[in-house]
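Chemist: This is the structure I have questions about; it appears just below.
Only the coordinates and a few stated rules stand behind these numbers; no lab work does. None of the values given here were measured: they were computed from a predicted structure. So basically every Cβ, Gly included, is an ideal-geometry build from the backbone, and we count neighbours across all protein chains shown.
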Amino acid sequence: MTRESFVNLALLTALVAVPLWAWVAGEPFTITLATRAVIFALAAVGLNLALGLGGMVSFGHAVFFGLGGYSMGILAHHAQNFLPLYDGLIVIEGTKSMPVIWLVAIVVSALAALLIGLLSLRTSGVYFIMITLAFGQMFYYFAISWRAYGGEDGLSIWVRNDFPGLNTLAPIQFYGLCFALLLAALWLSARIARSSFGLVLNAARQVPGRVETVGLDGQRAKLVAFVISGAITGLAGALFADLNRFVSPTMFSWHMSGELIVFIILGGAARLFGPVAGAVLFVAMEHVLGDLWDHWHILLGALLLVIVLFARGGLIGLLAGKARNHD
Amino acid sequence: MTKPVLEVRGLSKRFGALVVSDGIDLSLRAGEIHAVIGPNGAGKTTLIAEICGGLAPDAGSVHLNGRDVTGLPIRARAKMGLARTFQISALAMEDTVLQNALLGALGAAGRPWRFFRPVLSDRSLRVVAEAALDRVGLSHKAAARTAELSHGERRQLEVAVALTLTPTAFVMDEPMAGLGTEGGARMTALLGTLKHEAPILLVEHDMDAVFALADRISVLAGGRVIASGPPDAIRADAAVREAYLGDEA
Ligand SMILES: Nc1ncnc2c1ncn2[C@@H]1O[C@H](COP(=O)(O)OP(=O)(O)OP(=O)(O)O)[C@@H](O)[C@H]1O
Ligand SMILES: [Mg+2]
C-alpha cells in the first residue's frame with residue numbers, strides 16, 4: 001500500500017468512526033457537521049474532475065450546486081403544498097422521494113454544464129475563469145428575482161425528503177446516505193482517472209496540441225468531463241438543500257464557487273482524496289475557529305497562502321508525499 | 001514514378017508583412033527521406049504546421065495519398081496517418097513514458113470514450129505502445145515519469161508516439177536537436193530503418209545526419225525553396241552554400 005492510499009484510508013476511517021462515535025455519544029450536531037463536510041466533499045470531488053484532471057478552473061460550479069439545490073427545493077415545495085408542478089395536458093406532481101430528486105438534480109445540472117461548457121470551452125485560462133464566473137452570477141441573480149420560488153428569501157422545506165427503507169430524519173442515517181454517495185463518486189473518479197478517457201483528459205490538460213496530433217479530440221473530452229463534473233456537484237447541491245431543509249440564492253453565489261476551489265487547493269488538486277481532505281479541514285476550521293473568532297477567514301486565507309507557496313500538493317501532499325502516477 | 005504520399009503545391013503564408021511560405025512545392029514519395037533544411041526563421045516549422053493542419057495557408061494545397069486535406073483539421077490528418085514530431089517535445093510530463101505512448105495507440109485505435117476500464121489493462125493498446133517504445137529503445141523506461149527522462153530520451157519518446165500511429169508519412173521537426181554525438185547517431189540509425197515503413201519529411205539542422213539519411217534535400221530560405229535535389233547536387237549548389245551551408249558542407 002502506498003502512503004497516499006494509507007492516508008486516504010485513514011481519512012475514510014475517520015469519516016466512519018467520528019459520526020458513529022457521535023451517534024453513540026448522542027451528539028447529533030457533530031453528525032450534522034460531518035454531513036456538511038461530506039456533502040461539500042462530494043461537490044468538490046465533482047469539481048475536481050474538471051479542475052484537477054481536466055485543468056478547467058471553473059469559477060462557476062455554484063451553478064450546479066444551486067441547480068441541484070433548487071431541483072430539490074422546487075420538487076419538495078410542490079409536494080408539500082400539494083400543488084402540481086405542471087398542470088396541462090399531463091400533470092406533473094412534485095415529489096419527496098430522494099432518488100427521484102437526485103435524478104432530476106443530476107440531469108438538470110448535466111444539461112446546464114453541457115450548455116455552459118460548450119460556450120466556456122471556446123476560451124481558456126483567465127477567460128474561462130471569468131466566463132464561468134459570469135454564468136454563476138447570471139444564475140444567482142435569476143434565482144433572486146424568481147419570486148415564485150421565494151426570490152431572495154429562498155424556499156424552506158418542512159420535512160426532510162424520503163429514501164426507501166430509511167428514516168432520513170435520523171441524522172446518522174442521512175449521513176450514511178451522503179457518505180455512500182461520496183464513496184460512489186470517488187469510485188467513479190478513480191475509474192475515470194485510469195480509463196482511456198482519463199488518459200486523454202489528462203493529456204489534454206498538459207499538452208493540448210499533442211492530443212490533436214494523435215487524432216483525438218481533447219476539447220470534446222474536456223466537455224464531457226465538465227458535464228460529469230457538473231452532474232456530481234449538482235447531486236451534492238440536492239443533498240445540501242436536504243441537509244438544511246432550505247435553499248436560497250446563496251447556493252449560486254460566487255463565494256460558493258470559490259469555496260469549492262478552496263477545498264480542492266486545501267486538500268490537494270489532482271489527488272483523488274484532495275477534495276475530501278480539503279472539505280473536512282474547511283468544515284473543521286469553520287466550526288472550531290469560527291466559534292472563537294468571527295474573522296476566521298483571515299486564518300483560512302493565510303493557510304491557503306502557505307499551501308499555494310510551499311505545499312502545492314495540499315494536505316494530502318503533505319501527508320502522503322509526492323504524487324505517484326496511478327498505475 | 002510512383003505517386004507521392006505527401007504533396008504540397010504552391011503553399012503560401014504570410015504573417016503581416018513577413019512572408020513565411022512563398023509558393024512552396026514539395027513532395028514525399030514512398031520509402032524516402034526528404035530533408036528540408038534552411039537557416040533559423042526560414043519557415044520550416046511553419047511549413048510543418050501547414051502540412052499537419054495547425055496553421056491554414058493563405059494559398060496552395062496539401063495532399064495526402066492523393067487526397068486534398070488542406071481544409072481538414074489536425075485530428076483528421078492524424079487519423080489518415082500523418083504523424084508529426086515536435087521541435088520542442090510535446091509530451092505529458094506528469095504521465096509515465098508508457099502512458100504517453102498509449103495515448104498515441106489510443107488515437108490510432110480511435111476509442112477514447114471508455115470511462116471505466118483501466119487503459120493499462122487494454123492488451124491491444126499496450127502491445128502497440130510497448131512495441132513503439134521497444135523500437136526507439138525506451139522499453140526499460142516505460143514506467144518512468146516523462147519529466148524524469150533526459151532530453152535525448154524525450155526525443156526518442158516523441159518518435160515512439162509517432163510510431164504508435166502506424167503512419168503513412170512521418171513529418172519530423174528537428175528530431176536530432178540537442179542530442180549528443182552518440183544520441184544523434186542512434187537516432188540517425190533509427191530513422192534509416194523507419195523510412196521503409198513510412199517516408200519521412202525531415203526538418204533538420206544536423207548536416208551530418210541530413211547527408212547521411214536524405215534521399216532528397218530541399219533548401220528553404222525566406223519561405224522559398226531555393227534548391228531541391230539529391231544530396232550531392234545540393235552540396236555543390238552555390239546559392240545554397242551562400243544561403244546556408246557556409247563551410248559546413
Ligand atoms: N504565429 C506567428 N506570427 C508571426 N510570426 C511568426 C509566427 N510563427 C512564426 N513566425 C515567424 O515566421 C518565421 C518562420 O518561423 P519558423 O518557426 O517557421 O522558422 P524555422 O525555419 O522553423 O526556424 P528554426 O530553425 O529556428 O526552427 C520566423 O521569422 C518567425 O518569427
Ligand atoms: Mg523550427
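Chemist: Can you give the net charge of the other residues whose Cβ lies under 11 Å from the Cβ of B:SER27, counting K and R as +1 and D and E as -1?
Modeler: Details: positive: B:LYS3, B:ARG9, B:ARG29, B:ARG216; negative: B:GLU7, B:ASP25, B:GLU32.
Once positives and negatives cancel, what remains is +1.
Chemist: Run the quick spin-label model on B:ALA236 and A:ALA134: label points 7 Å from Cα toward the beta carbon, then report their separation in nm to one decimal.
Modeler: Placing both labels 7 Å beyond Cα along the Cβ direction yields 6.4 nm.
Chemist: Expressed as a whole number of Å, what is the distance separating the alpha-carbon centroids of the range B:1-46 and the range A:5-40?
Modeler: First find each Cα centre; the distance between them is then 64 Å.
Chemist: So for the pair B:ALA56, A:TRP254, with labels modelled 7 Å out along Cα→Cβ, what separation do we get in nm?
Modeler: 3.5 nm
Chemist: Sticking with this structure for a sec: Angle check, please: helix B:123-136 long axis (alpha carbons) against the longest principal axis of chain B (alpha carbons), in degrees 0 to 90, nearest 10.
Modeler: The helix B:123-136 is inclined about 50 degrees to chain B.
Chemist: Count charges around B:PHE86 for me, please; just the other residues with Cβ under 11 Å from its Cβ, Lys/Arg as +1, Asp/Glu as -1.
Modeler: Working: positive: A:ARG210, B:ARG84, B:ARG154, B:ARG155; negative: B:GLU158, B:ASP173, B:GLU174.
My count for the surroundings of B:PHE86 gives +1.
Chemist: Additional query: With springs connecting C-alpha atoms under 10 Å apart, model chain A as a Gaussian network and identify which of A:THR13, A:THR132, A:THR32 has the largest mean-square fluctuation.
Modeler: Per the Cα network of chain A with a 10 Å cutoff, A:THR13 tops the list.
Chemist: Take every DSSP beta bridge with both residues inside the protein assembly as shown and express the antiparallel ones as a percent of the total, to the nearest 5. Walk me through the numbers before you get to the answer.
Modeler: Working: 26 of 43 bridges.
Counting only bridges with both partners in the protein assembly as shown, antiparallel ones make up about 60 percent.
Chemist: Could you calculate the FRET efficiency of B:HIS205 with B:ALA185 from 1/(1 + (r/R0)^6), where r is the beta carbon distance between them and R0 is 22 Å, rounded to 0.05?
Modeler: On the way: r = 16 Å, r/R0 = 0.72.
Efficiency computed from Cβ-Cβ geometry: 0.90.
Chemist: Against the longest principal axis of chain B, how steep is helix B:181-194, in degrees 0 to 90 to the nearest 10, with axes from Cα atoms?
Modeler: 90 degrees
Chemist: Kyte-Doolittle cut-off -1.0, length cut-off 18 Å along the helix's own axis using Cα: show which whole DSSP H helices in chain A pass.
Modeler: Numbers: long enough: A:3-25 (32 Å, 1.36); A:28-48 (29 Å, 1.49); A:62-80 (26 Å, 0.82); A:98-120 (31 Å, 2.51); A:125-145 (31 Å, 1.45); A:171-194 (35 Å, 1.31); A:218-244 (39 Å, 1.00); A:254-267 (20 Å, 1.49); A:274-292 (27 Å, 1.33); A:297-310 (19 Å, 2.94).
The answer, listed by residue number, is A:3-25, A:28-48, A:62-80, A:98-120, A:125-145, A:171-194, A:218-244, A:254-267, A:274-292, A:297-310.
Chemist: If you don't mind, there's one more thing I want to ask. Using 0.36 nm per residue of separation minus the Cα-Cα distance, give me the extension gain between B:ALA17 and B:ASP215 in nm, one decimal.
Modeler: On the way: separation 198, 0.36 × 198 = 71.28 nm, distance 3.42 nm.
Full-extension gain reported as 67.9 nm.
Chemist: Among all the aspartates and glutamates, which ones have a C-alpha under 15 Å from A:LYS222's C-alpha, if same-chain residues fewer than 8 places away are not counted?
Modeler: Leaving aside aspartates and glutamates fewer than 8 places away in the same chain, those within reach of A:LYS222 are A:GLU212.
Chemist: Counting alpha carbon pairs within less than 8 Å and at least 6 residues apart, what relative contact order, in whole percent, applies to the range B:92-166? Numbers along the way, then the final one.
Modeler: Values: 87 pairs, mean separation 37.6, N = 75.
So the answer I get is 50 percent.
Chemist: Quick check: the distance between the Cα centres of the range A:252-327 and the range A:100-129, to the nearest angstrom?
Modeler: Centre-to-centre distance over Cα atoms comes out at 24 Å.
Chemist: Also, I was wondering about something else. Under the definition of Cα pairs under 8 Å and six or more residues apart, what whole-number percent is the relative contact order of the range A:3-320?
Modeler: Working: 540 pairs, mean separation 104.6, N = 318.
In percent, rounded to a whole number, it is 33.
Chemist: Can you give the FRET efficiency for A:GLN173 and B:SER121, using 1/(1 + (r/R0)^6), R0 = 51 Å, r = Cβ-Cβ distance, to the nearest 0.05? Mind showing how you got there, number by number?
Modeler: Details: r = 37 Å, r/R0 = 0.73.
Between A:GLN173 and B:SER121 the formula returns 0.85.
Chemist: Based on the alpha-carbon gyration tensor of the protein assembly as shown and its eigenvalue square roots a ≥ b ≥ c, which shape applies: rounded if a/c is under 1.5, prolate if not and a/b is larger than b/c, or oblate?
Modeler: prolate
Chemist: So if each residue of separation counts as 0.36 nm, and I subtract the Cα-Cα distance between A:VAL24 and A:LEU318, what length gain in nm does that give?
Modeler: Details: separation 294, 0.36 × 294 = 105.84 nm, distance 3.24 nm.
Length difference between fully extended and current span is 102.6 nm.
Chemist: Over chain B, calculate the relative contact order: mean separation of alpha carbon pairs under 8 Å at least 6 apart, over the residue count, as a percent.
Modeler: Working: 473 pairs, mean separation 67.5, N = 249.
RCO, chain B: 27 percent.
Chemist: Which residue, B:PRO199, B:PRO73, B:PRO167, has the most motion in a Gaussian network model of chain B that connects Cα atoms within less than 10 Å?
Modeler: Maximum among the listed residues: B:PRO73.
Chemist: Can you tell me which lysines have their Cα less than 16 Å from the Cα of B:LYS13? Leave out same-chain residues fewer than eight positions away.
Modeler: Candidates past the 8-residue exclusion: B:LYS44.
Chemist: Running a GNM on chain A with Cα contacts under 10 Å, which residue among A:ALA185, A:ALA302, A:ALA311 ends up with the highest mean-square fluctuation?
Modeler: A:ALA302
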